[in-house]
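All remarks here apply to the structure that follows.
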Amino acid sequence: MAGRTSRTSARVAKKTAAEAAITNPVLLSGGNPQIAKGYGDAPVQAYIAAMPGWKSDVGRRLDALVTRTVPDVHKAVKWNSPLYGIEGQGWFLGVHCFANYIKLAFFRGMSLSPIPPGESKQKEVRYFHIHDADQLDEAQLAAWVEQASKLPGERM
């Protein structure tokens with residue numbers, strides 16, 4: 001057995017490397033956390049914890065707002081962005097960090113009332129940007145989240 005690694009040792013090493021990536025994620029350009037693709041609450045919470053500065057607090061507030069508004073929400077991290085959706089119906093909201101703001105992407109944003117202000121190159125997508133000094137209108141965000149969760153989601 002000399003020179004061979006047991007399967008258990010390899011699994012432990014792989015798990016330790018994965019845990020290190022979650023606890024010490026790399027920040028990509030603009031400060032967006034690099035979190036491995038994953039489904040469920042854990043990767044989303046890892047992303048939120050890794051958001052730099054003021055963005056982490058806003059990320060926690062947004063996550064709580066979405067969970068409160070849509071109790072059966074499904075979560076994932078794909079393409080280094082948390083996604084929120086309804087099982088079997090697709091994703092209705094994506095979150096992404098940039099250097100000076102957090103971008104919320106409503107994948108069917110043109111169907112929301114009022115329509116979120118940020119335009120997109122994609123016909124149905126609308127954005128909402130949150131900056132450090134902004135006062136969050138949680139009632140408006142909750143209304144958009146509730147409306148978006150009832151629309152057909154984006155398949156990704």
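The values are calculated or read from the model by the stated rules, or taken from the named source; none is laboratory data. The model shown is predicted, which means the values in this text are computed figures rather than measured ones. Note that each Cβ is placed from the backbone with ideal geometry, even for glycine, and that neighbours are counted across all protein chains shown. These area figures cover heavy atoms from the full protein model, side chains too; ligands, DNA and RNA do not enter into them. Shrake-Rupley method; radii C 1.70, N 1.55, O 1.52, S 1.80 Å.
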All positions within segment 111-120 that are loosely packed, with under 15 Cβ neighbours inside 10 Å and not hydroxyl-bearing (Ser, Thr, Tyr): PRO114, ILE115, PRO117, GLU119
Output for Cβ contacts, cut-off 7 Å, separation at least six or different chains, first residue among the hydroxyl-bearing types (Ser, Thr, Tyr) in segment 83-110, second assigned to a strand (DSSP E or B) and open to solvent by less than 60 Å² (accessible area, probe 1.4 Å), reads TYR84/LYS75; TYR84/TRP91; TYR84/PHE92; TYR84/LEU93; TYR101/ILE130
Out of LYS78, LYS150, I need the residue that is open to solvent by 70 Å² or more (accessible area, probe 1.4 Å) and out of contact with any helix residue (DSSP H, G or I) (no Cβ under 6 Å at 6 or more places or on another chain). Which one? LYS150
Within segment 132-156, work out how many residues are under 21 Å from TRP54 (Cα atoms) and either modelled with pLDDT under 95 or not aliphatic (A, V, I, L, M) (or both). 8
Could you check segment 41-156 for helices (runs of 4 or more DSSP H) lying wholly inside it with 2 or more residues that are more than 25 Å from PRO25 (Cβ to Cβ) and polar (S, T, N, Q)? 138-149
What's the total number of residues in segment 55-81 that are of a type outside the set (Phe, Trp, Tyr) and farther than 18 Å from HIS131 by Cα? 15
Close pairs (8 angstrom Cβ cut-off, 6 or more residues apart or separate chains): closer than 18 Å to ARG155 by Cα and at pLDDT 95 or above in segment 118-131, in a loop (DSSP other than H, G, I, E, B) and among the aliphatic types (A, V, I, L, M) anywhere: ARG126/LEU112; ARG126/ILE115
Selection within segment 52-72 - basic (Lys, Arg) and surrounded by 13 or more Cβ atoms within 10 Å (Cβ to Cβ): LYS55, ARG60, ARG61
Could you please give the count of residues in segment 31-50 that are under 18 Å from PHE128 (Cβ atoms) and either open to solvent by 10 Å² or more (accessible area, probe 1.4 Å) or among the charged types (D, E, K, R) (or both)? 0
